[in-house]
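Asks: Mind looking over this structure? Questions follow.
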Amino acid sequence: MEQFFSCKNLKAVLCESRGFLQGPHIASFQIDMPHTLQVKITQLGFRTIEIESPIDISVDVLYSAFSRIERLLMMFDGRFIPLQTLEFSNSDVTSMELLNTCAEHCMNNRLPYFDSADFCKYDINKLLYYDEVITKELYIKWVDLLSDLDIVHQVYLYSLCGREQPKDIKCAFLIELAEPLVETLKTYKGLFPTLMPGKRGTTLKDCLNALITEYGSIIFKRELSENFDSFLQVLVNSRVRLMHIKRNQSGLYFDGKESVLFAIKISLLYRHIIFTLLDIDSSKYQEQLEKCTNSWNQWNDILENFMLKLR
């Protein structure tokens, strides 16, 4: 897409293939970096994201802002809402025909992680309504955090995408994110001063222990109260499976259904940590976090049967 394709407006419509999105929810804020953009997000049955600029700017700039907003909303929703239509409009220099071509290009080249896995699509996974928290200040913090996380957040999103990939691999990559999360919390919050991920003396198990103990009291309440050390070792074993052939593997690891359950629970931990890094008050989502965790803990007795294995 060439940069001389420019306009003043982007409008995206997102909706579920089945069912409607709750509402009404309305939020608006201004972006000032590097261009002044006005953002409005509305939801009633479907979600509309509109971004307006007072002057013509590159469609790439508009779409990049939309993508960052979309990824922030995914943190609240626990999944991506499918994008149905995308429109660039109101240009002094680029024809509507070319703008339509730009929009089609963006729609056809969306990354696979924008298609969330089926197990992410339950309404119970929503932790926050965006209009409760989204502001200009929150968006700025989000952009800075995305820059610092870099490929870490990409790994998180790909681990939860709907493209065919074994569930145990998805879970294994989510487990591996414990180390960069510890690094991020050290930088942002000054936590875990004795842990040095990637260096001798600090293990993946140490990082998982620190994160779950500090942020997982709701999500991993059952695991913390029963054989927690054994549970941590299963997490590590489930990650290590990707690094060794079968004859060199040892110990208990997650099966397919357990991998789905703990992928969701680790995702909840990740989102809780992201909200903390964004300075979102936990009282706004703690009750829903408890409801979501309890619902997944009761799913097909998978957690109950798994805890029996640890005895």
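The values are calculated or read from the model by the stated rules, or taken from the named source; none is laboratory data. This is a predicted model, so every value here is computed, not measured. Note that we place each Cβ from the backbone using ideal geometry, even for glycine, and neighbour counts take in every protein chain shown. Note: areas computed on protein heavy atoms with side chains; ligands, DNA, RNA excluded. Shrake-Rupley method; radii C 1.70, N 1.55, O 1.52, S 1.80 Å.
Asks: Heavy-atom accessible area of Leu157 with all protein chains present, probe 1.4 Å, nearest 10 Å²?
Replies: Accessible surface of Leu157 is approximately 0 Å².
Asks: How far apart, in nm, are the 7 Å Cα→Cβ label points at Phe4 and Glu304?
Replies: With each label point 7 Å from Cα toward Cβ, the separation is 6.8 nm.
Asks: Check Phe254: other-chain or 5+ apart residues with amide H under 5 Å from its amide H, H built from backbone geometry?
Replies: It is Ser238, by chain and number.
Asks: Using each residue's phi in segment 197-207, evaluate 6.51 cos²θ - 1.76 cosθ + 1.60 at θ = phi - 60° and report the 3J(HN,Hα) Karplus result to the nearest Hz, with x for Gly and Pro.
Replies: x, x, 10, 4, x, 10, 9, 4, 4, 4, 5
Asks: Further, regarding this structure: From the Cα gyration tensor of segment 19-131, with a ≥ b ≥ c the square roots of its eigenvalues, which class applies: rounded if a/c is under 1.5, or else prolate if a/b is larger than b/c, or else oblate?
Replies: prolate
Asks: Near the amide H of Glu16, under 5 Å away, which other amide H atoms are found, from residues 5 or more places off or on another chain, if H is placed in the peptide plane?
Replies: Amide H neighbours of Glu16: Leu21.
Asks: Which order do Glu176, Glu97, Glu132 take by accessible area at a 1.4 Å probe, largest first?
Replies: Largest accessible area first, the list is Glu97, Glu132, Glu176.
Asks: For segment 211-302, give the magnitude of the charge dipole about the Cα centre (Cβ charges: +1 Lys/Arg, -1 Asp/Glu; no others), in debye to the nearest 20. Intermediate values should be presented prior to the final figure.
Replies: Values: 11 positive and 11 negative charges, 93 e Å.
The calculation lands at about 440 debye.
Asks: Quick check: from the Cα gyration tensor, does the chain come out rounded (a/c under 1.5), prolate or oblate?
Replies: prolate
Asks: Going from most exposed to least, what order do Ser6, Ser225 have by accessible area with a 1.4 Å probe?
Replies: The most accessible residue leads, giving Ser225, Ser6.
Asks: So, one more: Evaluate the charge dipole of the chain about its Cα centre and quote only its size in Debye, nearest 20, assuming +1 on the Cβ of each Lys and Arg and -1 on the Cβ of each Asp and Glu.
Replies: Using Cβ point charges on Lys, Arg, Asp and Glu, the chain gives about 1180 debye.
Asks: Give the ranking of Trp142, Trp299 by solvent-accessible surface, highest area first, calculated with a 1.4 Å probe.
Replies: Trp299, Trp142
Asks: Then there is this: Quick one: Karplus J couplings for segment 222-233, per residue in order, coefficients 6.51, -1.76, 1.60, θ = phi - 60°, nearest Hz, x for Gly and Pro?
Replies: 5, 5, 5, 8, 9, 6, 4, 4, 5, 4, 4, 5
Asks: Taking a ≥ b ≥ c as the square roots of the eigenvalues of the Cα gyration tensor of segment 153-311, is the shape rounded (a/c under 1.5), prolate (a/b larger than b/c) or oblate?
Replies: It comes out rounded by the Cα gyration axes.
Asks: For Thr85, list long-range residues whose amide hydrogen, built 1.01 Å from N in the peptide plane, is under 5 Å from its own amide hydrogen.
Replies: Correct list: Val13.
Asks: Taking the Cα centre of the chain as the origin and placing charges on Cβ (Lys, Arg +1; Asp, Glu -1), which of Phe114, Thr194, Phe228 is farthest toward the positive end of the dipole?
Replies: Of Phe114, Thr194, Phe228, it is Phe228.
Asks: Restricting to Cα pairs below 8 Å that are 6+ residues apart, what does the relative contact order work out to for segment 1-77? Please round to a whole percent.
Replies: Relative contact order for segment 1-77 comes out at 35 percent.
Asks: Between Leu111 and Gln165, what is 0.36 nm times their sequence separation minus the Cα-Cα distance? Round to one decimal in nm.
Replies: 17.9 nm
Asks: Here is a further query. Assuming 0.36 nm per residue, please report the length gained on full extension of the stretch Lys221 to Lys284 beyond their Cα-Cα distance.
Replies: Details: separation 63, 0.36 × 63 = 22.68 nm, distance 1.98 nm.
Once the chain is fully extended between Lys221 and Lys284, it gains 20.7 nm.
Asks: On a full-extension model of 0.36 nm per residue, what is the gain between Gln154 and Lys136, subtracting their alpha-carbon distance, rounded to one decimal in nm? Don't jump to the answer; show the numbers that get you there.
Replies: On the way: separation 18, 0.36 × 18 = 6.48 nm, distance 2.32 nm.
Roughly 4.2 nm would be gained on extension.
Asks: Helix 167-176: angle to the longest alpha-carbon principal axis of the chain, degrees 0 to 90, nearest 10?
Replies: Result, in degrees: 90.
Asks: Counting only protein heavy atoms and a 1.4 Å probe, tell me what percentage of the chain's accessible area is made up of carbon and sulfur.
Replies: Carbon and sulfur together cover 49 percent of it.
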